[in-house]
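Contents: one structure, followed by commentary.
The values are calculated or read from the model by the stated rules, or taken from the named source; none is laboratory data. Computed from a predicted model, the values in this text were never measured in an experiment. When we count neighbours, we look across all protein chains shown, and the Cβ atoms used for this are built from the backbone with ideal geometry, even at glycine. These area figures cover heavy atoms from the full protein model, side chains too; ligands, DNA and RNA do not enter into them. Shrake-Rupley method; radii C 1.70, N 1.55, O 1.52, S 1.80 Å.
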Amino acid sequence: YNPDGPDWSEAEIPSALLSFFTVSFLSILVGVLLGLTVSFMYKHTRLSDYPNLETSLLFCFCYLCYSIAESIDLSGIMALFFQGMVLSHYN
């Protein structure tokens, strides 16, 4: 803990903002793309005939979204949130 504040210079602020917006945008992109893929799969298969399998696959796809985003150093929580938004809209 540094009570005087961080030792940042003005030159590091644009770099930090660019990094923040890049990670945010790519995390949203991962979540939306995986959400659309899962929604497409649910719409064009007969998974609703097997509710146990449908629920299990939903949890697996949600974990897949989180783990893919985290493995490429993005925000897994943000990707999972946007995947949930897409799934709630299209399913």
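Quick check on region 22-56: of everything there that is over 16 Å from LEU80 (Cα atoms) and surrounded by 15 or more Cβ atoms within 10 Å (Cβ to Cβ), which residue is nearest to the chain's Cα centre (by Cα)?
TYR42
Taking the residues in region 63-83 that are over 14 Å from LEU33 (Cβ atoms) and more than 8 Å from the chain's Cα centre (by Cα) as candidates, determine which candidate is surrounded by the most Cβ atoms within 10 Å (Cβ to Cβ).
GLU70
Could you pull out the residue among SER19, SER9 that is over 18 Å from CYS62 (Cα atoms), loosely packed, with under 10 Cβ neighbours inside 10 Å and out of contact with any Cys (no Cβ under 7 Å at 6 or more places or on another chain)? Reasoning before the result, please.
Numbers: SER19 fails: loosely packed, with under 10 Cβ neighbours inside 10 Å.
After ruling out the rest, the residue left standing is SER9.
Consider region 45-66. How many of its residues are within 17 Å of PHE25 (Cα to Cα) and either without any contact (Cβ under 8 Å) to a residue 24 or more places away in the chain or among the hydroxyl-bearing types (Ser, Thr, Tyr) (or both)?
The qualifying residues number 1.
So which pairs qualify, if the first residue must be in region 33-44 and within 14 Å of THR55 (Cα to Cα) and part of a helix (DSSP H, G or I), the second must be at pLDDT 95 or above and open to solvent by 30 Å² or more (accessible area, probe 1.4 Å), the Cβ gap must be under 7 Å, and the two must be at least 6 apart or on different chains?
Between residues of region 33-44 that are within 14 Å of THR55 (Cα to Cα) and part of a helix (DSSP H, G or I) and residues that are at pLDDT 95 or above and open to solvent by 30 Å² or more (accessible area, probe 1.4 Å), the close pairs are VAL38/PHE61.
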